[in-house]
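What follows is a single structure, written as structure tokens, with notes after it.
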Amino acid sequence: MCSRNDQDDGLMEEKPKPLWTEVCQKCSAAKPVIQILQIKHAYCRDCFLAHVNHKFRSTLGKSKMMRPSDVVMAAFSGSVKSHVLLHLLHAGFSEKSHKRFLFKTQVLYIDEGAVLGLPLSDRSANLRLVAEMSEQYGFSAYFTSLSCQHDNQGLVCVPLNKDSALSVNVEFEAELNNLIANISSLTAKEDMLKQLRQQVLLRAAKELKCNKIFTAESSTDLAIHILTDVSLGRGAQMHHDVSFCDDRDEEVKILRPLLELSSKEIAFYSVYFKLSSVFIPSLCSKAQCDSSIHNLSKKFVMELMENFPSTVSTVFRTGEKLGSSSSTSVRGDQEDVCILCQVRLVGTAAPCSSSQATEFSRLISSLGPSGFDNNSLTCLPPTDDTFLGQSSCCGPSQNSETCCVKADVSGKCGSGQDMLTLSDVEKLCCYGCRLIVHDVKTVSGLPANIIETARIRKGLQSMRDSIKDFLL
Amino acid sequence: MAGGLKITLEFGGGAELLFGNSKKHEVTLPTCDKPWTIRNLLPWIKDNLLKERPELFLQGETVRPGILVLVNDADWELLGQLDYEIEAKDTILFISTLHGG
Ligand SMILES: [Zn+2]
Ligand SMILES: [Zn+2]
């Protein structure tokens, strides 16, 4: 698996001089139209399109993961690359006999307009465009809204066709907006949105009885993710975020069939097939490039592409290799995973770990120069204990008065919503998500199903704590 | 060459947002003693078409990394990039790969 394009592993190889070649280096007949950097070749249009199609099919093929019985949900945002994904899938279904894809495909569009503050008319117009685009391929399509995570029950997906109308649940959208508005930094906002999107995809896939999800990240996106993940303290879960298959969820796998194509190849493919796209701005579309860690990583990778193109695939392949050893970890029960991103919690707060350091510096800053003394240190979580296994339910945070005082009466801490504190939620999160939760101002802003899970897990934990003295 | 150089400029992938959300612009470049190249087209675009935030489109004398340039559907990297000499009726497409989704 790791032998993919290993021949050009040059670490900081400078950009090759443009190839002044008169003919395509594949068929030696037609005029070349694109320089493909990964393979340092100039291809003509036909050879290039065949190359993209081949990459897509070989990525799926060599994974040996696709079964004829699979039902795939293709995540479709209307963007260039997600349209390319649909086009390639459609091409796969139109192939003759033995080359035809046998699995089934449905399309899902998630309306995120609320978070971006788009007017309802724009969002409806986008929905219509997306419907038209997916309809031309004959896939059955559905749509849902990012705010559906605030709805604890009920179905979330609505069939999408050109007569579909956007129905907005004002209450849930207000909650979602509130959640995002409550997060102070753009970095944490983007990270939260990414986690929410992932959860909505998984939930929708289960509802639509799909066992696989296709998303449209290119190798360029994944190189950006790698740098972002590392900067956000998500190194442990990086392999889930950047490899072909994210199997964090037990029922639904998220696959990335475009990961061997660069954003350049994808853009050219869409130009040659005249694929339309809906531009839906993101939180940071027009923001300064240093406004968030994700934006900075993007700028860095784009400049690498420009000046040291082979380095991007080095970043990408390094990330992939880092994953292979840790991805073999055994799957634990649902209680050991982060409630936001479902990564397994390694739970070990080794002495001097970065989570300890963060905890410590937070404590110091919250106490101020005069409030700090020897006793303050005892408030820190014990070093050899897991964060999950902590016996106290309020942790070192300032919210303690809302919690334990009432809890002792029933012995079931966390039975009421007001008793769930942010630090409780934080304990159920991985290091990366803890940084998001730390940026959230109130518990009630979190999506309903996260609060629910947190409460259940906290209840279990305190039940375990209260009976542990009776156990031998 | 009376009347200047007539070309079509197209913007996509989100770059159109910086050009009043309009994807296609038919323009006439004024007659000039030097030949028009992409190098001197870019400042012209900045002065005449770009509606906001030039730093999101240009960086130094070239386009911002992540924005691809196609001349008549061909990669400008094969055409000499900034030094490409623009001809009448050329279609130059700027497509941004910078936004997520
Ligand atoms: Zn060829
Ligand atoms: Zn997490």
Taking Cα atoms, the helix B:38-48 axis meets the longest principal axis of chain B at an angle in degrees (rounded to 10) of 70
Distance in nm between B:Asp73 and A:Asp336 label points, each 7 Å along Cα→Cβ, equals 5.5
If R0 = 30 Å, then A:Thr318 and A:Met66, at their Cβ-Cβ distance, give a FRET efficiency to the nearest 0.05 of 0.65
Flagged as over-length at 26 Å C-alpha distance, from A:Lys162/B:Lys23; A:Lys264/A:Lys321; A:Lys321/A:Lys458; A:Lys194/A:Lys274; A:Lys298/A:Lys427, the pairs are A:Lys321/A:Lys458; A:Lys194/A:Lys274; A:Lys298/A:Lys427
Calc'd 3J(HN,Hα), the range B:68-82, phi into Karplus 6.51 cos²θ - 1.76 cosθ + 1.60 (θ = phi - 60°), Hz, glycine/Pro = x, comes to 8, 10, 10, 9, 6, 6, 10, 4, 5, 5, 8, 10, x, 6, 4
When A:Glu22, B:Glu52 are ranked with the fewest other C-beta atoms within 10 Å first, the list becomes A:Glu22, B:Glu52
Most exposed first, judged by fewest Cβ atoms within 10 angstrom, B:Trp36, B:Trp44 run B:Trp44, B:Trp36
PRE zone check, label point 7 Å out along Cα-to-Cβ of A:Lys31, amide N under 17 Å, scope the range B:69-86, hits B:70-81, B:84-86
Once A:Lys206 and A:Arg100 are pulled to full extension, the length gained, defined as 0.36 nm per residue separation minus their Cα-Cα distance, is 35.6 nm
Per-residue average of other protein chain Cβ atoms inside 10 Å, peptide A:42-53 -> 1
The residues B:Thr31, B:Thr37, A:Thr105, sorted from fewest to most surrounding Cβ atoms within 10 Å, come out as B:Thr31, B:Thr37, A:Thr105
With label points set 7 Å from each Cα along the Cα-to-Cβ direction at A:Glu132 and A:Val230, the distance between them in nm comes to 4.4
The simple spin-label model distance between A:Asp163 and B:Glu55, using points 7 Å out along Cα→Cβ, in nm, is 5.0
If R0 = 22 Å, then B:Thr62 and B:Asp33, at their Cβ-Cβ distance, give a FRET efficiency to the nearest 0.05 of 0.45
Output row, site A:Cys245, 7 Å Cα→C-beta label point, backbone N cut-off 20 Å, window the range A:46-73, residues A:55-73
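Bear in mind that the values in this text are calculations on the coordinates, not laboratory data. All of these numbers come straight from a predicted model, not from anything done at the bench. Please note: Cβ atoms are built from the backbone with ideal geometry, for glycine as well, and neighbour counts cover all protein chains shown.
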